[in-house]
Amino acid sequence: MIVLGIDPGTAATGYGVVQGEPFGSLSLIECGVIRTHAREPLPSRLREIYDDVVLLIERHKPDAMSIEDVFYAKNVRTTVVLGHARGVILLAAQQAELAIHEYPPAEIKKAVVGTGKASKEQVQFMVTKLLRLKSAPQPNDAADGTAAALAHIMGGRLAGMKSR
């Protein structure tokens, strides 16, 4: 199974493409960040995110997408803008007829680290160990996208996770 994991954002959308099975070997195919320019209008930034996700899907032909669910930021605007980014990412996946799985941040951490209160450093450490990498994917957003993919492969059966 190939899973495209996404950590959505309008400035930086992290992604990781992981191949593996729940009780089999795991391998990282690609990870990185889709960056947009803060000075560009939001619609242009959303189009760039959408286009890049479409290219990722075309290049890797994943079986599923695993995306971090909305978290509620203190700043309402941040939450709303994040929702826009998630929307174009979900649209790209839906148009490609991918299975879409949404996981709250705490469930991704629980699946990868074993606790929903894990720090970013703990998540990076476990991503590195599980994929037998020499160093954690950089920047943090790439590691978070990769963790989302791992969460689906390893822990999609955990209670509380949603799928569509």
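Things worth noting here:
- Cross-link partners of K110 among aspartates and glutamates (Cα-Cα below 15 Å; sequence separation of 8 or more within a chain): E68, D69, E102, E121, D144
- FRET efficiency estimate (nearest 0.05) - Cβ-Cβ, K61 to E40, R0 30 angstrom: 0.55
- Selected from L56, A38, I100, residue furthest toward positive end of dipole (segment 29-102; charges at beta carbon): A38
- In the chain, the DSSP beta bridges split such that about 65 percent are antiparallel, to the nearest 5.
- Estimated dipole of segment 69-114 in Debye, rounded to 20 [Cβ of Lys and Arg +1, of Asp and Glu -1, Cα centre]: 280 debye
- Solvent-accessible area per residue for the chain (1.4 angstrom probe, square angstrom): 51 Å²
- Distance (nanometres) between label positions extended 7 Å along Cα→Cβ at E30 and R132: 2.3 nm
The values are calculated or read from the model by the stated rules, or taken from the named source; none is laboratory data. Every value quoted in this text rests on a predicted model; they were computed, and no experiment measured them. Positions of Cβ are backbone-derived with ideal geometry, glycine not excepted, and every protein chain shown enters the neighbour counts. Please note that ligands, DNA and RNA were not included when accessible areas were found on the heavy atoms of the full protein model with its side chains. Shrake-Rupley method; radii C 1.70, N 1.55, O 1.52, S 1.80 Å.
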